[in-house]
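The values are calculated or read from the model by the stated rules, or taken from the named source; none is laboratory data. The model shown is predicted, which means the values in this text are computed figures rather than measured ones. In this analysis, Cβ positions are derived from the backbone assuming ideal geometry, glycine residues included, and neighbour counts consider all displayed protein chains.
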Amino acid sequence: MTDTLTTLFNLLDLRSARCTRFEAGGDWSLRFPEKSAIKFAAVLKGTCFMLHGDRPPIRLRAGDVFLLSQYPSYVLASDPALPPEDGARVIDWTQSDTGRYGGDEVVMIGGAYRASPLHAHLLGDALPPLMLIPAQAPSAAQISRTLQSLESEFTRTDIGAEMMRRHLTDMLLVQMLRAISAREGETTAVPGQSNWIGALTDRRLGAALDAIHANPERNWTVAALAGIAGMSRTAFSQGFRKAIGRAPIDYVLRWRMQVAEDLIHRGRSVSEVAGLLGYGSQSAFGVAFKRIKGRSPRAALRGQAARRA
């Protein structure tokens with residue numbers, strides 16, 4: 001059975017964007033702009049501070065890695081009291097994949113991940129806004145090896161260096177999410193927000209999520225999912241809602257419609273999609289789709305045709 005994380009990544013068509021290296025020394029404070037991407041940064045050498053929203057400054061040391069899922073602006077600085085400059089303007093990223101500011105007391109690697117615009121909200125909505133994996137975490141040694149390989153690709157002059165950086169950056173994301181799912185790092189939670197990456201740490205809830213994602217066409221019931229989880233219906237429903245933020249069948253329906261929207265986006269007809277997702281009639285499928293997506297399947301199909309025109 002395909003696991004939940006792999007299923008979601010396939011739907012998102014998640015791809016690493018440009019990966020860069022950053023060196024800084026002396027007194028410095030740089031603000032990096034908000035972008036529609038999930039961001040990560042890792043400290044390879046030295047120490048600095050990261051400022052994110054209205055939270056207290058976070059001191060970062062060599063080996064620490066953080067991941068931001070809510071597309072925010074953030075600040076990296078030698079001293080959190082310094083007024084930040086615009087990092088996009090101060091550093092010239094057009095000539096090199098390594099940006100420099102004042103020295104090399106601090107060395108970092110950073111990058112971003114972008115998803116299909118149709119589904120980009122899924123990963124950001126389901127993850128904590130900030131995830132920090134410290135250098136002493138159990139998974140840190142594995143992450144460090146990937147970072148070392150990644151850094152070495154910045155100095156290579158032979159073919160395929162950029163491709164290798166992309167593959168290593170993809171690998172790094174999975175390693176970071178594994179560490180977070182194993183509760184090895186620190187996260188900031190949002191009350192009422194779904195958090196399936198946390199739910200995957202629960203073997204029983206994870207089994208139910210894997211089943212839902214692998215077979216969205218099944219007529220799932222709470223009893224069936226509770227059986228897969230090895231829990232009573234009441235305990236399963238309560239545990240699922242607490243971890244995911246939605247009742248089990250509501251989550252099933254929303255996931256099913258997300259898959260439906262993706263199939264329509266890829267050119268499948270409404271009747272095909274209805275059949276693939278277990279609906280006996282287009283009308284029943286249409287009612288469910290509109291309730292979740294706010295428009296009819298045919299409107300979604302017309303929108304896709306217009307984008308292709």
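Annotations
- Some residue of the stretch 157-174 being at pLDDT below 85, on the phi < 0 side of the Ramachandran plot and assigned to a loop (DSSP other than H, G, I, E, B): yes
- Considering the stretch 212-222, and only residues there that are within 14 Å of ALA247 (Cβ to Cβ) and not aromatic (Phe, Trp, Tyr), the residue that is surrounded by the most Cβ atoms within 10 Å (Cβ to Cβ) turns out to be ILE212.
- Matching option when the condition is of a type in the set (A, V, I, L, M) and either modelled with pLDDT of 90 or more or part of a strand (DSSP E or B) (or both), among LEU122, LEU82, LEU118: LEU82
- Options LEU225, LEU209, LEU253, LEU205: the member that is buried (at least 16 other Cβ atoms within 10 Å of the Cβ) and farther than 23 Å from PHE289 by Cα: LEU205
- Candidates ALA135, ALA161 - the one that is hydrophobic (A, V, I, L, M, F, W, C) and in contact (Cβ under 8 Å) with a residue 24 or more places away in the chain: ALA135
- Test: residue in the stretch 38-45 that is in a loop (DSSP other than H, G, I, E, B) and either out of contact with any Cys (no Cβ under 6 Å at 6 or more places or on another chain) or modelled with pLDDT under 90 (or both): no
- Failed item in (1) hydrophobic (A, V, I, L, M, F, W, C); (2) closer than 18 Å to ALA17 by Cβ; (3) surrounded by fewer than 16 Cβ atoms within 10 Å (Cβ to Cβ); (4) over 19 Å from the mean Cα position of the chain (by Cα), with ALA141 passing the rest: (2)
- Residues in the stretch 46-69 that are exposed (fewer than 14 other Cβ atoms within 10 Å of the Cβ) and either modelled with pLDDT of 90 or more or within 25 Å of PRO117 (Cα to Cα) (or both): 5 in all.
- Residue match in the stretch 89-108 (condition: in the same structural domain as ALA182 (by TED's automatic domain parsing) and within 30 Å of ASP262 (Cβ to Cβ)): no
- Count - residues of the stretch 232-258 that are assigned to a helix (DSSP H, G or I), basic (Lys, Arg) and under 24 Å from the mean Cα position of the chain (by Cα): 4
- Of all residues in the stretch 152-165, those satisfying the criterion of being surrounded by fewer than 17 Cβ atoms within 10 Å (Cβ to Cβ) and not small (Gly, Ala, Ser) are PHE154, THR155, ARG156, THR157, ASP158, ILE159, GLU162, MET163, MET164.
- Looking across the stretch 71-92, the residues that are touching a residue at least 24 places away in the same chain (Cβ under 8 Å) and out of contact with any Leu (no Cβ under 8 Å at 6 or more places or on another chain) come down to TYR71, PRO72, SER73, SER78, ASP79, LEU82, PRO83, ALA88.
- Within the stretch 259-309, being assigned to a helix (DSSP H, G or I) and at pLDDT below 85 holds for ALA300, LEU301, ARG302, GLY303, GLN304, ALA305, ALA306, ARG307, ARG308.
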